[in-house]
1. Provide the gained length on full extension for the span residue 372 to residue 166, in nm with one decimal, where the gain is 0.36 nm per separating residue minus the Cα-Cα distance.
2. Suppose a student asked you for the relative contact order of region 256-351, using Cα pairs under 8 Å spaced at least 6 residues apart; what percent would you report?
3. Region 96-121 to region 359-430: how many Å between their Cα centroids?
4. Fewest first, what order do 105, 87 take by the number of other Cβ atoms within 10 Å?
5. Region 73-92 to region 302-355: how many Å between their Cα centroids?
6. At a threshold of 8 angstrom on Cα-Cα distance, excluding pairs fewer than six apart, so keeping six or more, what relative contact order does region 92-170 reach in percent?
7. Rounded if a/c is under 1.5, else prolate if a/b is larger than b/c, else oblate: which is region 319-430, with a ≥ b ≥ c the root eigenvalues of its Cα gyration tensor?
8. So for the pair residue 99, residue 272, with labels modelled 7 Å out along Cα→Cβ, what separation do we get in nm?
């Protein structure tokens, strides 16, 4: 234990007063108890996730009909007009997944929750954040995370959105359409000079905190050194965000190509408006990478279904199965509407947002408590993937192989992701 009172108190208190507290280092007596506008059209990525899986018997295409000659199953039938532009992939899973009610926690990461010795929870960077590091450099927001207040009833599990940063820490999401609209399109009311002063103050605080933390590096235990390294990375992350804020400080936000959403939207209407916001964000080049962790409980309520979402996922022929199939059809209907809008929104050269975007839609669970053959639908021409296909890959193929294929398809310098073993060659064009 470090007994230097000057080091153990002055440095910690100064950092704490700056609202960026140092980690609780055991060397200080703490103990842990318990565990620019582009010249060509940019690529875009959208990840849409829902909990509780799908209706196994009616959502997946017939496994005996693959390639470009496959029949649209009932659960996807509202997407029939887009069949030549969507690809369904069967056989993928996250090999470390062991919790059926955590439908989105590891969906984009493929991490092993026990991957950190001595800890009961561990995660890693999500695919959207790998994409954001490549695609989000020239936009106001490197990425946008959309969420729903209906998390508890939607089978999503731990996390604040679908996104996890490079340290495997959760990233907050925008909780409703109104909040998302204002974040994307409402300009600041605070005068520019005051905002500049606030950013300057934040940088001064970071400088002081880094100075204090650097003084602590000598004489730390291995555990504390690792904690301090993680702390320095969090500071670097803040610096990157401050740099982004400074870059766009005097640039007005784009005019919204839609009206402000109504308050209190839930279920089907919430999803529909969130999809509109996704199109608006891409159309204005406000963000090129978006995730949306969708509601399921309020969706069922908006459809007049009285079956509880968890009970629905444990269906058998009867009311529960009817509710599950109704959920599938409605989600497919909403997705079809989103694809319609992406196709209808034109770029300056006559191509569409759809042509320059890739969209992944699915869940981390198949149905009931089965974590194999995760539902996976891909669409959009932005990642050079084969569309209009039904692919059945080898059982337990890492879901991260899909993410790696998409990341490389949009030009991200990703060699591997999560537990990936390589790209899905049958998914790549040419």
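1. 71.5 nm
2. After rounding, I find 27 percent.
3. One Cα centre to the other: 19 Å.
4. 87, 105
5. Measuring centre to centre over Cα atoms gives 12 Å.
6. That works out to 36 percent.
7. Since a/c reaches 1.5 but b/c is at least a/b, the shape of region 319-430 is classed as oblate.
8. 3.4
Rule-based calculations on the coordinates, nothing more; no lab input. What you see is a predicted model; the values in this text were computed from it and never measured. Methodologically, a virtual Cβ is constructed for each residue, glycine included, from the backbone with ideal geometry; neighbour enumeration extends over all protein chains shown.
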